[in-house]
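What follows is a single structure, written as structure tokens, with notes after it.
The values are calculated or read from the model by the stated rules, or taken from the named source; none is laboratory data. Since the model is a prediction, treat every value here as computed from it, not as a measurement. Glycine also receives a Cβ, built like all others from the backbone with ideal geometry; neighbour counts cover every protein chain displayed.
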Amino acid sequence: MQDVMWLVRHTLKKTFSNKKNILLYFGTPLIGIIISLLVYSGSNEKNVHIGIVNNDPHYITNDTIHFIKGLEHLSVTNIKESEIDDQITSGKLDCVLVFHPGFSKSVQQGRPDHLQIVSIHGSEITGFIKSYLYHYINNISALGKIANGDERTFLQMYERYQQSPFRTSVHSLKDTSKNIGMTYQTIGYLLMIMLFSAGNLAEMIVKEKENRTYFRLLSAPINGKRYVLSNIIVNMIVMTGQIILTLVIMDRVFHIKTNIAFWQMAVVLMLFSLVAIGIAFITVAFANSSASAGAMQNLIVVPSCMLSGCFWPADIMPTFVQKIANFLPQRWTLDALLKLQQGHSFGSLYLNLLIILAFALIFFLISAYKFGRNNNVNNFV
Amino acid sequence: MNILEIKNVTKKFGDFIAVDNMSLTVAEGEIFGFLGTNGAGKSTTINMISGLLRANSGEIKILGKDIHKHSRFAKKNIGIVPQDIAIYEDLTTYENVKFFAGLYGLRGTQLHKQVEEALEFVGLSDKHKSYPKSFSGGMKRRLNIACAIAHRPKLIIMDEPTVGIDPQSRNYILNSVKKLNEMGCTIIYTSHYMEEVEEICSRIAIIDHGKIIAEGTKEQLKAIITNTKDVWIEIKPMETIDLNKIEAVSGVKAVQMEENLMKVSSDVSVNNLNDIIQCLINDKVEIRSLKEQSPNLETVFLTLTGRSLRDH
Ligand SMILES: Nc1ncnc2c1ncn2[C@@H]1O[C@H](COP(=O)(O)OP(=O)(O)OP(=O)(O)O)[C@@H](O)[C@H]1O
Ligand SMILES: [Mg+2]
């Protein structure tokens with residue numbers, strides 16, 4: 001293993017002593033982030049306008065209204081009940097919340113009622129508000145249930161609840177659809193960069209054969225398998241760097257919320273890096289020169305990324321194209337990430353992950369078979 | 001002890017037999033010359049010794065151990081200078097040697113010391129930080145050698161290390177070979193240049209079509225083909241000479257006349273040049289030039305293979 005690491009060090013040093021390569025391998029993934037920022041810069045900051053009619057003046061009602069005002073991307077105005085129809089139909093307000101008399105009492109009794117939501121937009125807006133509002137109201141009414149009609153106990157618990165620190169976290173709501181789109185775009189681009197990087201790094205095997213250093217290496221106490229292993233390790237190191245760099249910069253610099261836990265994202269992408277190495281090895285095994293390996297990579301990488309929806313959502317493509325995409329590993333990787341964003345648990349994605357792994361395995365087997373045959377022809381051990 | 005033993009080794013590429021049932025031994029301390037025309041099978045043999053190619057049949061032993069059963073041992077004891085220069089253009093001189101030496105398990109100060117030594121040895125120690133991109137052919141060849149010797153192998157195999165380089169680098173390399181040998185290394189040396197092999201090698205094998213057709217010291221090889229030496233004498237045109245008188249000189253075996261050029265073949269063991277010249281002077285023949293040609297390896301080679309070593 002020591003000799004493999006010596007080769008790994010050597011390859012990394014050789015590659016990155018050329019500053020251009022640092023840019024090539026670690027600058028290009030960032031371009032994806034910048035592109036997605038540009039693409040999504042238009043659909044920015046869509047505020048939802050909400051009107052509130054308060055016919056139930058009480059501290060519970062007031063605090064509820066205060067909570068709504070604290071949500072991001074909402075602008076809240078107080079209006080009279082008589083203005084509702086006018087404001088809604090003219091489009092000045094997207095929806096109106098009406099707190100009827102008895103609202104606070106019903107909450108305190110543990111059976112929330114007397115709240116009306118008026119909107120002509122349907123669930124796309126009300127659903128978003130409802131989910132946060134009902135969550136809040138349910139918490140308060142839960143306190144009411146526990147107090148079981150005892151006003152003083154309720155008040156004590158209520159005050160403690162309003163002061164508790166975790167409440168603030170509710171305020172950090174964002175328009176997630178834009179973040180999801182930007183994540184998709186960035187990762188789609190990253191997949192392409194990973195494919196190209198793996199191709200470049202694997203191409204070094206052919207290059208070393210061309211400039212004869214490969215044969216010099218094999219006359220030292222190193223064999224072909226160990227040499228290939230060292231190339232795989234270099235590939236993994238570079239791609240892990242790309243993944244971590246992209247995720248960290250997305251999060252820390254551009255504050256794009258991926259809606260996926262860092263490690264889950266990293267695991268899925270690391271699995272894909274195996275696929276990338278597999279594809280790269282196939283091109284290297286079938287090409288007879290570094291130039292033709294490069295040409296093959298271009299021919300494979302860009303079209304397959306297009307078909308599998310690395311640059312645009314797959315569902316805008318015709319269904320027969322989507323069916324073709326099912327035979328591409330990028331599709332399954334992006335699909336896994338989309339599902340994670342939609343809240344599927346990591347464990348439920350085992351099928352996606354298995355399929356990605358299977359792709360990698362098949363590619364490795366094909367290239368190993370072809371490598372083996374090449375060696376038989378040239379009789380190199 | 002024999003450092004290298006090749007026993008009945010055959011290597012085929014498809015139907016083509018590149019090395020044909022070859023057997024050979026090299027003893028420790030020798031500078032062993034490998035002579036052969038293009039495609040004779042020299043590099044193929046060397047690639048089998050270094051473990052790059054597997055023979056179809058036969059066995060190869062380094063220091064008594066089979067090279068495939070004891071691959072690590074064999075490889076560590078061999079330093080190979082490949083025919084095609086194998087260095088990294090994008091690494092410095094020092095880094096190149098360090099990398100290859102490191103493949104043999106050397107690390108740290110020991111590695112540093114031996115790399116320095118190797119660079120010193122090939123005369124590149126002032127080129128530490130230079131990139132081989134800017135090197136002349138000779139300097140690249142010398143770096144190629146440094147990469148092969150830094151791990152201090154017992155057997156150094158050089159596959160045409162002097163191809164296409166300036167005379168200065170060539171002398172440097174030839175002297176290095178002798179020095180390495182004095183330091184205790186055994187050397188297998190392949191070349192197209194007969195003079196080189198003749199100058200430095202203690203034993204020589206002539207290989208043709210994958211077979212060793214002659215093997216031995218220079219003297220032994222020369223003795224195989226000939227016991228005559230030739231003298232070429234150029235005389236003034238239109239002179240008439242009595243060839244019988246020259247044939248009568250002791251040791252002379254045959255005299256031939258072509259226009260104004262006379263070829264006198266004599267027994268190698270007899271020194272009769274004075275008598276021949278005296279004979280011509282007596283006849284008042286004017287001598288324009290005179291050239292003695294004792295048999296060299298070139299003629300040995302020519303006679304054995306029917307081809308000149310460098311007719312490519
Ligand atoms: N990998 C290969 N596949 C097919 N034929 C080969 C291969 N390697 C060498 N040969 C053939 O084997 C023969 C011997 O080649 P080799 O390289 O050993 O010759 P050589 O004596 O080193 O010649 P040179 O002086 O040109 O270096 C040549 O005819 C060559 O074409
Ligand atoms: Mg050769």
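Structural remarks
- Selection status of A:Gly32, surrounded by 13 or more Cβ atoms within 10 Å (Cβ to Cβ) and under 30 Å from A:Gln242 (Cβ atoms): yes
- Residue among A:Leu353, A:Leu365 that alone is assigned by TED's automatic domain parsing to the domain that holds A:Met192, surrounded by 15 or more Cβ atoms within 10 Å (Cβ to Cβ) and either farther than 24 Å from A:Ala198 by Cβ or at pLDDT 90 or above (or both): A:Leu353
- Residues of the range A:205-232 satisfying the condition of being aliphatic (A, V, I, L, M), buried (at least 16 other Cβ atoms within 10 Å of the Cβ) and out of contact with any His (no Cβ under 9 Å at 6 or more places or on another chain): A:Ile205, A:Val206, A:Leu217, A:Leu218, A:Ile222, A:Val228, A:Ile232
- Just one of the listed residues (B:Gly79, B:Gly105, B:Gly33) is surrounded by 19 or more Cβ atoms within 10 Å (Cβ to Cβ) and within 14 Å of chain A (Cβ to nearest Cβ), namely B:Gly79.
A quick yes/no check of all residues on (1) under 28 Å from B:Glu199 (Cβ atoms); (2) assigned by TED's automatic domain parsing to the domain that holds B:Glu199; (3) within 38 Å of the chain's Cα centre (by Cα):
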site: B:Trp232; (1), (2), (3): yes, no, yes
site: B:Lys236; (1), (2), (3): no, no, no
site: B:Asn244; (1), (2), (3): no, no, no
site: B:Lys263; (1), (2), (3): yes, no, yes
site: B:Asp267; (1), (2), (3): yes, no, yes
site: B:Asn274; (1), (2), (3): no, no, yes
site: B:Asp283; (1), (2), (3): no, no, no
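- One residue alone among A:Val39, A:Val96, A:Val8, A:Val4 is touching a residue at least 12 places away in the same chain (Cβ under 8 Å) and more than 30 Å from A:Ser197 (Cβ to Cβ), and that residue is A:Val96.
- Applying a threshold of 6 Å to beta carbon distances and a minimum spacing of six or more residues, or different chains, the list of pairs starting in the range B:46-65 at a residue that is more than 9 Å from chain A (Cβ to nearest Cβ) and ending at one that is crowded, with 22+ Cβ neighbours inside 10 Å and assigned to a loop (DSSP other than H, G, I, E, B) reads B:Met48/B:Ala55; B:Ile60/B:Ile67.
- Any hit, the range B:124-140, residues being closer than 18 Å to A:Asp3 by Cα, more than 12 Å from chain A (Cβ to nearest Cβ), without any contact (Cβ under 8 Å) to a residue 24 or more places away in the chain and out of contact with any Asp or Glu (no Cβ under 9 Å at 6 or more places or on another chain): no
- Check on B:Gly41, within 16 Å of ligand 2 (Cβ to nearest atom), crowded, with 20+ Cβ neighbours inside 10 Å, modelled with pLDDT under 90 and not hydrophobic (A, V, I, L, M, F, W, C): no
- Of the helices (runs of 4 or more DSSP H) lying entirely inside the range A:1-53, those containing at least 1 residues that are touching a helix residue (DSSP H, G or I) at 6+ places or on another chain (Cβ under 9 Å) and among the aromatic types (Phe, Trp, Tyr) span A:2-16, A:19-26.
- Wholly enclosed strands (runs of 3 or more DSSP E) of the range B:7-99 bearing at least 3 residues under 30 Å from A:Phe16 (Cα atoms) and assigned by TED's automatic domain parsing to the domain that holds B:Phe135: B:78-81
- Residue count for the range A:36-66 satisfying the condition of being among the hydrophobic types (A, V, I, L, M, F, W, C) and at pLDDT below 85: 4.
- Residue in the range B:23-38 that is modelled with the lowest pLDDT, counting only those that are of a type in the set (A, V, I, L, M) and within 15 Å of ligand 1 (Cβ to nearest atom): B:Leu35
- Only residues that are surrounded by 15 or more Cβ atoms within 10 Å (Cβ to Cβ) and either aliphatic (A, V, I, L, M) or over 40 Å from the mean Cα position of the chain (by Cα) (or both) were counted across the range A:84-101, and they come to 7.
- Residue check, A:Thr61 more than 34 Å from the chain's Cα centre (by Cα) and of a type in the set (S, T, N, Q): yes
- Qualifying positions in the range B:259-303 - more than 29 Å from B:Lys211 (Cα to Cα), surrounded by 12 or more Cβ atoms within 10 Å (Cβ to Cβ) and in contact (Cβ under 8 Å) with a residue 60 or more places away in the chain: B:Glu292
- Positions within the range A:300-331 being within 20 Å of A:Ser197 (Cα to Cα), outside any loop (DSSP other than H, G, I, E, B) and in contact with a helix residue (DSSP H, G or I) (Cβ under 9 Å, 6 or more places away or on another chain), in sequence order: A:Ile300, A:Val301, A:Val302, A:Ser304, A:Cys305, A:Leu307, A:Pro329, A:Gln330, A:Arg331
- Breaking point among (1) of a type outside the set (Val, Ile, Thr); (2) closer than 26 Å to B:Thr217 by Cα; (3) crowded, with 19+ Cβ neighbours inside 10 Å, for B:Glu199: (3)
- In the range B:8-20, the qualifying residues are those that are surrounded by 15 or more Cβ atoms within 10 Å (Cβ to Cβ) and away from ligand 2 (no atom under 14 Å from the Cβ), and the one that is farthest from the other protein chains (Cβ to nearest Cβ) is B:Asp20.
- Failed condition for B:His70, given (1) more than 7 Å from chain A (Cβ to nearest Cβ); (2) under 22 Å from A:Thr15 (Cα atoms); (3) not β-branched (Val, Ile, Thr): (2)
- Residue check for B:Ile246: within 16 Å of ligand 1 (Cβ to nearest atom), away from chain A (no Cβ under 14 Å) and of a type in the set (A, V, I, L, M): no
- If you check B:Lys245, B:Lys291 for being under 26 Å from B:Ile206 (Cβ atoms), modelled with pLDDT of 75 or more and out of contact with any Ser or Thr (no Cβ under 7 Å at 6 or more places or on another chain), only one passes: B:Lys291.
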